[in-house]
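These notes are about the structure you will find just below.
Derivation of every value follows stated rules applied to the coordinates shown; laboratory data play no part. Computed from a prediction, not measured in an experiment: that's the story for all the values here. Every residue, glycine as well, gets a Cβ built from its backbone with ideal geometry; the counts of neighbours run over all protein chains shown.
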């Protein structure tokens, strides 16, 4: 099949592109490299099944007759550090960018998969969060550019389903980690790994009791593929991630076991807009798709640490 992946040079996008190419599909990667990196997909280019278009999808995209069968829309800054640095770009890629790709899908008769986020639930009052929960979001808070950008993208996507009958699917991604996850992007696992391997104190915002659902990237990509290729899912929304909540204290302990180093924690006040509890309800994905993450947290951390050390000889200490 011919598949377009926007944001395909990013962390999750590059792993998705890699899996699609390995499965024999022809993939067009569209990325403007605000947060993505060319080296994430460099090994896939020149093989005849993957091509790269450097383009900002806030502007309309022409594929010169190479209409895709499926579009995976992953283009957006997705970490607090990145959407804090690029708030306007984040809102535009999720509004104008989503519109341009939906129009492309409508013209081509392509299936459209929107990569949304657990952030659409905001600071949830329901635990765990099912797809039927509408969320508790601050529309003018410090994370509004991302939270509301994704909520608008979801609303626009389902509008194309209702108005035009376009085959759309929405995936709400919970915390994901693994190789190619930039260690400077502000997420907790890469932050902790970078600090641990430098023998620095681990920066913990709050008291460490806040929880996250951590999913290894290959498990997340497997779920994306199931949503993208399974028939009969038009208009549906799926949570993807790991359903086991982990406190930051538990994460520190797991990292100590993986690295063999005792960690020193430096506690700081909770960050503005930080959510104390996210917990993925993936029951729908389990029932409808047979989806279940397979990578235990410590195994995933071990792989991430190994990648981080190998990426730069200075980190092997």
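Which whole-number value in Å³ per residue fits the convex hull of the alpha carbons of segment 1-61?
Values: hull volume 4.3 nm³, N = 61.
Spread over its residues, the Cα hull of segment 1-61 gives 70 Å³ apiece.
Using all Cα-Cα distances in segment 204-244, what percent lands in each 10 angstrom bin from 0 up to the longest?
24, 38, 24, 11, 3
Nearest-5 percent of antiparallel DSSP beta bridges in the chain?
Values: 3 of 41 bridges.
In the chain, DSSP labels about 5 percent of beta bridges as antiparallel.
At a 10 Å Cβ-Cβ cut-off, how would you order 214, 33, 152, fewest neighbours first? Don't jump to the answer; show the numbers that get you there.
Values: 214 27, 33 12, 152 16.
Listed from fewest to most nearby Cβ atoms, that is 33, 152, 214.
Highest GNM mean-square fluctuation, the chain, Cα pairs closer than 10 Å: which of 160, 146, 216?
Taking springs between Cα atoms under 10 Å, the residue moving most is 160.
Just from the alpha-carbon atoms, what are the Rg and Dmax of the chain in angstroms?
18.9, 57
If I model a spin label at residue 164 and residue 185 as a point 7 Å from the Cα along the Cα→Cβ vector, what separation in nanometres do I get?
Simple spin-label model gives 2.9 nm for this pair.
I need the Debye-formula profile for segment 1-145: one equal scatterer per C-alpha, no solvent, reported as log10 I(q)/I(0) at q = 0.08, 0.15, 0.18, 0.20 1/Å, two decimals.
-0.23, -0.78, -1.05, -1.20
Mean separation of Cα pairs under 8 Å and 6+ residues apart, divided by the residue count of the chain: what relative contact order is that in percent? Spell out each step's value before the answer.
On the way: 619 pairs, mean separation 53.0, N = 317.
Once normalised by length, the contact order is 17 percent.
Could you work out which residue, out of 292, 59, 182, moves most in a Gaussian network model of the chain, that is, has the largest mean-square fluctuation with Cα springs under 10 Å?
59
In terms of the ratio Rg/(2.2 N^0.38 Å) built on C-alpha atoms, what value belongs to segment 86-217? Don't jump to the answer; show the numbers that get you there.
Details: Rg = 17.2 Å, N = 132, 2.2 N^0.38 = 14.1 Å.
With N residues counted in segment 86-217, Rg over 2.2 N^0.38 Å equals 1.22.
If I build a Gaussian network model for the chain, linking alpha-carbon pairs within less than 10 angstrom, which residue out of 96, 153, 280 has the largest mean-square fluctuation?
96
State the three equivalent ellipsoid semi-axes of segment 194-308, derived from the C-alpha gyration tensor as the square roots of 5 times its eigenvalues, in descending order and whole Å. Mind dumping the intermediate values first?
Working: eigenvalues 191, 60, 22 Å².
In descending order, the three semi-axes are 31, 17, 10 Å.
Please compute, over every Cα-Cα pair in segment 54-129, the percentage with a separation greater than 14 angstrom. List each step's numbers first, then the result.
Details: 1892 of 2850 pairs.
Counting pairs separated by more than 14 Å, the tail of P(r) holds 66 percent.
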